[in-house]
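> Below is one structure. I have some questions about it.
The values are calculated or read from the model by the stated rules, or taken from the named source; none is laboratory data. Predicted model only: the values in this text are computed from it and were never measured. Neighbour counts are summed over all protein chains in view; Cβ atoms, including those assigned to glycine, are modelled from backbone coordinates with ideal geometry.
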Number of protein chains: 2
Amino acid sequence: MKIALTLPDDEVLELDGPLPAAAAARAVSEGLARRAVAVRLDGRVIDLHSELRAGGRFEVLTDNDEDSLQVLRHSTAHLMAYAVQELFPEARFAFGPDVENGFYYDILVGRPFTPDDLARIEARMKELARAKLPFVKTIMSREEAKRFFAERGQGFKVEHIDDLPDAAEISIYELGDFVDLCEGPHVPDTGLLKAFKLMSVAGAYWKGDEKREQLQRIYGTSWFKAKDLEAHLTMLAEAEKRDHRRLGQQLGLFGIKEDAGAGLVFWYPKGTVLREQIENHWKAEHRRRDYQLIVTPHIFRGELWRTSGHFDFYADNMYTFDQDGQTYVVKPMNCPGHILVFQNELHSYRDLPLRLAELGTVYRYERSGTLHGLLRVRGFTQDDAHIFCTPAQLAGEVTKLIDFSQELQRDLGFNEFQAELSVRDPANGDKYIGSDGEWEEAEAALKSAADEVGLAVKRMEGEAVFYGPKIDLKLRDAIGRLWQTTTIQFDFNLGRRFNVQYVDEDGQHRHPYIIHRALLGSLERFVGILTEHFAGEFPLWLAPVQVAVLPVSAPFRDYGGQVTERLRSAGLRAELDTRDEKVGYKIRQAELQKVPYMLIVGSREMEQGTVSLRSKKQGDEGAVGLEDFIARALDEVSRKH
Amino acid sequence: MKIALTLPDDEVLELDGPLPAAAAARAVSEGLARRAVAVRLDGRVIDLHSELRAGGRFEVLTDNDEDSLQVLRHSTAHLMAYAVQELFPEARFAFGPDVENGFYYDILVGRPFTPDDLARIEARMKELARAKLPFVKTIMSREEAKRFFAERGQGFKVEHIDDLPDAAEISIYELGDFVDLCEGPHVPDTGLLKAFKLMSVAGAYWKGDEKREQLQRIYGTSWFKAKDLEAHLTMLAEAEKRDHRRLGQQLGLFGIKEDAGAGLVFWYPKGTVLREQIENHWKAEHRRRDYQLIVTPHIFRGELWRTSGHFDFYADNMYTFDQDGQTYVVKPMNCPGHILVFQNELHSYRDLPLRLAELGTVYRYERSGTLHGLLRVRGFTQDDAHIFCTPAQLAGEVTKLIDFSQELQRDLGFNEFQAELSVRDPANGDKYIGSDGEWEEAEAALKSAADEVGLAVKRMEGEAVFYGPKIDLKLRDAIGRLWQTTTIQFDFNLGRRFNVQYVDEDGQHRHPYIIHRALLGSLERFVGILTEHFAGEFPLWLAPVQVAVLPVSAPFRDYGGQVTERLRSAGLRAELDTRDEKVGYKIRQAELQKVPYMLIVGSREMEQGTVSLRSKKQGDEGAVGLEDFIARALDEVSRKH
């Protein structure tokens, strides 16, 4: 048989098949094949050992390819399990996937793993890796596989086989004496596994179910090159220093109180100032772009969530209660409320696009194990908007949104963005609402909008939500991490379910298109990211306290008070340190609080009507006139960064 | 027996008793007795027919006394029931109390009352009243009374007797052929009932219970003088024109959506602008007074509400739900959250007074029958604060609060206030938390604070909440109605229950005093009042749209656009009317929307670079320079009123 492979440059290579993927890679390029980690055939990553039985779009993946890292990490998980099996023969293995930056494996053993255990496991992994052991895949029948794992006491694997759909192909991978139930793909052999490190152990439940066995999850990281591993470890150390949970408490910004409930954020006075700066800027920028701001309640009758469909597919995440025989829901999203506001009047096509925006606080149940500071919470304020528009306006609105998102996030200190366009899986058309034509039109509109603003988008096949395609934007922070913030989601569903209408130019009633969008994502998550990005040293316009006025001793408190008053009347957030402490102590305190400017006042300053300026960035700047400083600070505030 | 009556001027009158109250009134003053409606003995209002059997503080009530109006209205309810009994002999009577400005009676009859019925009832009331029928009170035994009402088919009365406590004295009042179960007091005879009017019929349930009989509630109003009735009817007509529910929809401010739930407010775009102006001013004024603003979640674990005591005495008004075996509460108040924030650090006496403030949205279950527009809702944003202070700081803080409340409400357009000091009932000491000494100190502190700012307070005996005394402020609106807004509540309870502490100067840990306070009450209710006060014609700084720019025809749209942009860049909220309509139509629309200023632009204005000004207050003002108008408008905004 002939196999036709379409290469990335659209050239077609015809080969005699079936043949191993590795052989096909060699046919493409010997040089490339030597560096091959796996291959991609029609979007699916497969082993080099696999046999190609049909053609398609073909690509050889080397260690430069992002997908290769996933393969590497998954293979490292197997390698770790192998080492654990040798050192802890009683170990029972659950799931061991690759994750961002690394991998984990959930394991049941009789006692907690110690740091010393991790060191031994890692050392054994290194020895095994050096042996360049191959990953060998075998297909088994369901019964054969169940018997195989049952004999080895691997009950989780048996249970998992039972959970797999009837049509699933059951495969195992052998790595030396370690055999795992696994779909693959894997690297060809352990020779590629060189730059890895075991990081930590955490508790986890089998299938995340708190009623089932508690397992130990060993996390590790894995890279192709030692320098990448090193960079990652440096980044982690840096992230540790910037941890927003620690800074939140230290700087009096925000915190979570277990007494009140997990995942529920308290904004302390300084955090509230920071949040307000963002909110005020957000509101002004929205109004400037002809958004209409609204405020809707936090609880709604259950019927609305039946109409919206949330009760069908989102009930597990919703907080509901009954009163007077009515079901109510603490809103997990703002959409139904915005639709009711839109429906308050009969709209004409002339009113479109109509943009309703709200800083809407929503509550969603998340498992307690998934909560993390402000980054993953149960209550958060979405910077939400719904845009009602005609089909012809769709692409233009999305273009504006991508621009707006980047402008807003630039104002807040971020400069690098990545975009993903999530489209449907055309092979699974019945999973989605809306016709083929509508999907094609909407996907094309999103794509052309991104092109329009010159934003490269990564196409995520099959990643669209059921109600429409979306574009997500991720920002890159100061230490290189990517965080998803903006989501722009097209919706075929809600307009129909709620029978949202407008009167078109021809007098016909039509459903408008609806775009859901959040630019920052949520204020909580965004401020968490922002705190780590700036390591708590916020730009002047955002700093909760912008200026600390520090009298060198008691006689200069009055002058300090006058300076403080003048700063405040100029619109600066200034605080006077009236404590009976040495000025050195006051400076250290202000530095710990990451206050951008300190104005030290003593006898010379009082006589001359000046202040002695000390900035967080440049240290001691000497005596300056108060009005000069104010002008400089106000200019810095207005420039934002 | 001798009866000693202490008169309002502290003179003591000794009379031979027992004697009728009317006789005692004559002994005080023949002239006063002729105008007497009832008397007050030791704070309790009693009939003129009643026999005085003991002395006490004694006061003759005439038609000038507020309590007399209540007596009059209650008597008018009986008179109405008498007329209904004559016209609808099958009528069964439920409750018929006096209420603000009038009275109602809940009645079961076979068919709905029509407007014509009300006219007939009112006519018959007038005839009966002219007969000067006396109200005659008789004491009955419980069994006798039940038999009496059962024989007359008055089942509600029988049921009510069963609900009365064992020790209750059962009394009836006869008015001609109408006999009612009633405690009294009443006016001596119907000769005083001259200025009344039946207003409306509404549905009501027996005992407010939706599972029981549905009754018809006839509302009426009643006054001593025809001119007072007339003034009241004029005020109602004026109030009707100002109804915030109608204006809320007409002006695009706010509304309630039954689909989402009763008592839950949606703020539309223009209402959101109005609300934001108030919020921003509120925040700035609080920060200026050294308040620290915070944001806390809307749901909390149940334990907090057990600690606070709300589960014991407020559970019926709380929305609760369970998740993961935890009870959660949608917060009905902000106190526990504020206490957790206070407890985030260990505070020293130097930190006090510490003032935490939040525009905190709370949810409370209220029976659907009690809901009314924005004035009585289920979800509302309290302008809340908790002040933690030392005992010595209490009076000073309350003084500042009374000042602050009045300044804030003056800024918002109100100029007349009344104050009530609610103190405990010393005879019922065990109803309250805190020692006698603490109560005396706290009540005295509140009183002296009011004196300090020269505010007359009405002392409300026994009206304090169980946890401490309070001062409430009411404002008077443009048509003379009083609305409670500010409440300043002292709290002995929460500090102890949550073990809130500060380190005092001597190193001892002590409970701070806590003051709860809301100045506007809630944003919802306050904006409801504000809308009616201004009849939707808000002062410039609050007006959602401050300036409407109206091109006389299409060629002047561009110039209108430039004018609008200039206004916006100057910080004014301006809207350009781009519709293809005659300018007269545009003016009428802007007037309906109660926009304070209209700028009309045509050829002359464009040539001269002016605008033609039309203000809501003064009508056409002719051509003015745009910058002159802007300066005038900004000045008006900054002056607020």
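> Taking into account only those residues within segment B:203-213 that are touching a residue at least 24 places away in the same chain (Cβ under 8 Å) and in a strand (DSSP E or B), which is surrounded by the fewest Cβ atoms within 10 Å (Cβ to Cβ)?
The qualifying residue surrounded by the fewest Cβ atoms within 10 Å (Cβ to Cβ) is B:TYR205.
> Considering (1) in contact (Cβ under 8 Å) with a residue 60 or more places away in the chain; (2) in contact with an Asp or Glu (Cβ under 9 Å, 6 or more places away or on another chain), say which one B:THR361 fails and leave the rest.
(2)
> Going by the structure shown, is B:ALA167 assigned to a loop (DSSP other than H, G, I, E, B) and either closer than 19 Å to B:SER68 by Cα or under 34 Å from the mean Cα position of the chain (by Cα) (or both)? Give the steps one after another, and end with the answer.
On the way: assigned to a loop (DSSP other than H, G, I, E, B): yes; either closer than 19 Å to B:SER68 by Cα or under 34 Å from the mean Cα position of the chain (by Cα) (or both): yes.
Here the answer is yes, as B:ALA167 does meet what is asked.
> Within segment B:406-427, can you find the residues that are small (Gly, Ala, Ser), crowded, with 17+ Cβ neighbours inside 10 Å and closer than 23 Å to B:GLU461 by Cβ?
Those that are small (Gly, Ala, Ser), crowded, with 17+ Cβ neighbours inside 10 Å and closer than 23 Å to B:GLU461 by Cβ: B:ALA419, B:SER422.
> Let me ask something additional. Which one is farthest from the chain's Cα centre (by Cα), of the residues in segment B:296-320 that are more than 7 Å from chain A (Cβ to nearest Cβ) and not in a helix (DSSP H, G or I)?
B:GLY309
> Only one of these is farther than 27 Å from A:ASN280 by Cβ and at pLDDT below 95: A:TYR513, A:TYR585. Name it.
Numbers: A:TYR585 fails: at pLDDT below 95.
From the options A:TYR513, A:TYR585, the qualifying one is A:TYR513.
> Can I ask one more? Grab the strands (runs of 3 or more DSSP E) fully contained in segment B:455-547, keeping just those with 2 or more residues being within 16 Å of B:PHE414 (Cβ to Cβ).
Details: elements: B:457-460, B:470-476, B:482-491, B:513-522.
So the answer is B:470-476, B:482-491, B:513-522.
> What's the number of the only condition in (1) within 21 Å of A:TRP305 (Cβ to Cβ); (2) under 28 Å from the mean Cα position of the chain (by Cα); (3) modelled with pLDDT of 95 or more that A:ASP411 fails to meet?
It fails just one condition, (1).
> In segment B:100-118, what count of residues is obtained for those that are in contact (Cβ under 8 Å) with a residue 60 or more places away in the chain and either closer than 21 Å to B:LEU72 by Cα or part of a helix (DSSP H, G or I) (or both)?
Count: 8.
> A:TYR104 passes all but one of (1) farther than 23 Å from A:TYR205 by Cα; (2) crowded, with 21+ Cβ neighbours inside 10 Å; which number fails?
(1)
> When the residues of segment A:323-334 are filtered to those that are free of Cβ contacts under 8 Å to residues at least 12 places away in the same chain and more than 7 Å from every other protein chain (Cβ to nearest Cβ), which remaining residue is surrounded by the fewest Cβ atoms within 10 Å (Cβ to Cβ)?
A:GLY325
> Give the number of residues within segment A:415-468 that are modelled with pLDDT under 90 and hydroxyl-bearing (Ser, Thr, Tyr).
So the answer is 3.
> Take segment B:261-275 and flag every residue that is more than 7 Å from every other protein chain (Cβ to nearest Cβ) and not β-branched (Val, Ile, Thr).
B:ALA262, B:GLY263, B:LYS270, B:GLY271, B:LEU274
> Then there is this: Scanning segment B:233-252 for residues that are part of a loop (DSSP other than H, G, I, E, B) and away from every other protein chain (no Cβ under 11 Å), which turns out nearest to A:LEU356 (Cα to Cα)?
B:LEU251
> Continuing with the same structure: So B:ARG288 clears everything in (1) surrounded by fewer than 19 Cβ atoms within 10 Å (Cβ to Cβ); (2) more than 10 Å from every other protein chain (Cβ to nearest Cβ); (3) closer than 18 Å to A:VAL273 by Cβ except one condition, right? Which one?
(2)
> Moving on. Restricting attention to segment A:335-363, and to residues there that are away from chain B (no Cβ under 11 Å) and not hydroxyl-bearing (Ser, Thr, Tyr), which single residue is nearest to B:THR361 (Cα to Cα)?
A:GLY360
> So which residues in segment B:440-454 are part of a loop (DSSP other than H, G, I, E, B) and either touching a residue at least 24 places away in the same chain (Cβ under 8 Å) or outside the structural domain of B:PHE490 (by TED's automatic domain parsing) (or both), if there are any at all?
The initial filter retains those residues of segment B:440-454 that are part of a loop (DSSP other than H, G, I, E, B), namely B:453-454.
Answer for segment B:440-454, where residues must be part of a loop (DSSP other than H, G, I, E, B) and either touching a residue at least 24 places away in the same chain (Cβ under 8 Å) or outside the structural domain of B:PHE490 (by TED's automatic domain parsing) (or both): just B:VAL453.
> Can you find even one residue in segment B:284-300 that is touching a residue at least 12 places away in the same chain (Cβ under 8 Å), in contact with an Asp or Glu (Cβ under 9 Å, 6 or more places away or on another chain) and more than 27 Å from B:ASN493 (Cβ to Cβ)?
yes
> Answer yes or no as to whether A:GLU230 is of a type in the set (Asp, Glu), assigned to a helix (DSSP H, G or I) and either buried (at least 20 other Cβ atoms within 10 Å of the Cβ) or out of contact with any helix residue (DSSP H, G or I) (no Cβ under 9 Å at 6 or more places or on another chain) (or both). Can you show your working first?
On the way: of a type in the set (Asp, Glu): yes; assigned to a helix (DSSP H, G or I): yes; either buried (at least 20 other Cβ atoms within 10 Å of the Cβ) or out of contact with any helix residue (DSSP H, G or I) (no Cβ under 9 Å at 6 or more places or on another chain) (or both): yes.
Answer is yes for this residue.
> Take the residues of segment B:345-362 that are among the charged types (D, E, K, R) and surrounded by 19 or more Cβ atoms within 10 Å (Cβ to Cβ): which is farthest from B:LEU520 (Cα to Cα)?
Of the residues in segment B:345-362, the ones among the charged types (D, E, K, R) are B:345, B:350-351, B:355, B:358.
Adding the requirement that they be surrounded by 19 or more Cβ atoms within 10 Å (Cβ to Cβ) leaves B:355, B:358.
Details: B:ARG355: 17, B:GLU358: 12 Å.
Within segment B:345-362, the match that is farthest from B:LEU520 (Cα to Cα) is B:ARG355.
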